[in-house]
Amino acid sequence: PLDMTGCTVTLIAGSNCRMIQNAALSGSGARDVDITIRGGYWDRGGNGGTTPNDSHSIVLHRADRVAVTDVRFTATGACKYAVYLCDVTNATVARCDFTSTSDGVHVTGPASNITVRDIIGYTDDDLVSFTGRDYPNYELTAGGGNISDIVVERVTIRGGDANTVKLLPGAAMTLSGAVVRDVSGTPDLDAVIILSDAVQPSTTGGTVSGVVIDGVTGSPLTGTLVNVAHPDVKALTVRNLCITKAAQTRVISINTSGTRVYDLVVDGVTSTVAHDGNVIHLGSGVTVDRFTLTNVSITKTANGFLLSSSGAIGQLQSSN
């Protein structure tokens, strides 16, 4: 355990390196175990990195039973991930506050049994991000890996050019068994996004299976509360959304051509305002095989619909 409670950790200007890393990161032997980093104000300043992966700050790689908690982090320059976990099991990141020009918490596969909770921040990229395959410049384990059994809860974004939570399996990988709950704040983009990112072959495709999104509220500036843009989503449940922004074009958006959701359940949508737009939108080229829509109680203006679809729905059951 490393307890930095009450301490400030800085990088001298021009020292373009990671702020802390574990021993197994740079080796090929035994994995590290039982690492806790607790507390402290970690101020990277304007330092970038000599190489892309030097731009991360708190880095744990090839490690089991790890935790990063009670950290406050600031970076103003061309940094990358504030807390980066890659090839880890039984990991926790909790009670952290990020102000950064890149991601707050970023987890890359292989990874399993991961909990991220009580996170707040202003970030110019995703506040919390899971990528089975990462973007090529930042992939510490070549080829990445599957991600399974994750819990993300009580995450609030203060702003920035970002998504609040991103789930991305990547090429030939599976992201499964994920629960994302109690997401709030004001992202510039989406509160929760399930993505196949065609910007790189490594971040395109894969499979998403068994995701529950439960309890999302907030006021995205340009995005949605839930955005699904992935060609292979096996089972997705979205529960307890609260619309708090009147002029929001879409609340749940499944709009990228080629997106397919085999089993979609939307259960529980409410509003605190008269909503002006479509609550659920399925775009052209989108397929939802089985769709269950229940328990909606919203106030709407004369514009928009509860469900607007120019895609294909195999079976639709709607009640209450």
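Across segment 192-309, the volume of the C-alpha convex hull divided among the residues equals 93 Å³ per residue.
Under a model in which nothing but the beta-carbon of Lys, Arg (+1) and Asp, Glu (-1) is charged, the chain shows a dipole of about 300 debye around its Cα centre.
Quick one: which of 143-150, 22-29, 166-173 comes out on top by average Cβ neighbours within 10 Å, and what's the full order, highest first?
Result, highest mean Cβ count within 10 Å first: 166-173, 143-150, 22-29.
Other residues with beta-carbon under 14 Å from the beta-carbon of ILE147 carry, at +1 per Lys or Arg and -1 per Asp or Glu, a net charge of -2. Using only alpha carbons, the chain has a radius of gyration to Kirkwood radius ratio (Rg to Rh) of 0.99.
Pairs of C-alpha atoms in segment 68-144 farther apart than 20 Å represent 27 percent of all such pairs.
Partners of LYS300 within straight-line reach, counting lysines whose Cα lies under 16 Å from its Cα and excluding those fewer than 8 residues away in the same chain: LYS245. If you plug the beta carbon distance of ARG31 and ALA312 into 1/(1 + (r/R0)^6) with R0 = 41 Å, you get a FRET efficiency near 0.35. Around the Cα centre of segment 88-211, unit charges on the Cβ atoms of Lys, Arg, Asp and Glu (plus for the first two, minus for the last two) sum to a dipole of about 320 debye.
Based on the convex hull around the alpha carbon atoms, segment 62-110 presents an average projected area of 3.3 nm².
Take every Cα pair under 8 Å whose residues are at least 6 apart in sequence, average their separation, divide by the length of the chain, and the relative contact order is 9 percent.
Go through 306-315, 218-227 and give me the packing order, highest mean Cβ count within 10 Å leading. Don't skip to the answer; put the middle values down first.
Numbers: 306-315: 14.3, 218-227: 20.8.
Packing proxy ranking, top to bottom: 218-227, 306-315.
Taken over the alpha carbons of segment 87-234 as equal point scatterers, the Debye sum produces base-10 log I(q)/I(0) values at 0.16, 0.21 Å⁻¹ of -0.76, -1.36. Charge tally for GLY304 (other residues, Cβ to Cβ under 12 Å; Lys, Arg +1; Asp, Glu -1): +1.
Measuring max minus min along each principal axis, the C-alpha atoms of segment 1-50 give extents of 34, 29, 10 Å (largest first). Rolling a 1.4 Å probe over the heavy atoms of the protein chains gives segment 16-103 an accessible area of 34 Å² per residue. Each of GLY39, LEU241, ILE20 was placed along the dipole of the chain (beta-carbon charges, centred on the mean Cα), and the one lying farthest toward the positive end is LEU241. Only Cα sites of segment 1-144 enter the Debye sum here, all with the same form factor; the resulting log10 I(q)/I(0) across q = 0.12, 0.13, 0.20, 0.22 1/Å is -0.41, -0.48, -1.27, -1.57, listed in q order. Note on LYS166: lysines with a C-alpha under 20 Å away, same-chain residues under 8 apart excluded, are LYS80, LYS234. What segment 176-224 shows is 32 Å² of accessible area per residue, with the surface traced by a 1.4 Å probe over protein heavy atoms. Annotation for segment 10-62 versus segment 284-320: alpha-carbon center distance of 46 Å.
When the solvent-accessible area of segment 207-320 is split by element, carbon and sulfur atoms take up 49 percent of it, the probe being 1.4 Å. Here the translational diffusion coefficient of segment 177-259 follows from Stokes-Einstein with Rh set to the Kirkwood radius across Cα pairs; for 37 °C and 0.692 mPa s it amounts to 249 µm²/s.
Using only Cα coordinates, the Kirkwood hydrodynamic radius of segment 255-307 works out to 12.2 Å.
At 1.4 Å probe size, put TYR122, TYR138, TYR84 in order of accessible surface, largest to smallest.
Largest accessible area first, the list is TYR122, TYR138, TYR84.
Charge tally around ASP125: other residues with Cβ under 12 Å, Lys/Arg +1 each, Asp/Glu -1 each, net -3.
Per-atom-type breakdown for segment 53-133 gives carbon and sulfur 43% of the accessible area (1.4 Å probe, protein chains only). Each residue of segment 211-216 is assigned a 3J(HN,Hα), and the resulting list reads 10, 10, 10, 9, x, 10 Hz, derived from the Karplus form 6.51 cos²θ - 1.76 cosθ + 1.60 (θ = phi - 60°), x at Gly and Pro.
The values are calculated or read from the model by the stated rules, or taken from the named source; none is laboratory data. Owing to the predicted nature of the structure, the values given are computational and were not obtained by experimental measurement. Here Cβ is always computed from backbone atoms with ideal geometry, including for glycine, and neighbour counts include all displayed protein chains. Ligands, DNA and RNA are stripped out before the accessible areas are found, and what is left, the full protein with its side chains, is counted by its heavy atoms. Shrake-Rupley method; radii C 1.70, N 1.55, O 1.52, S 1.80 Å.
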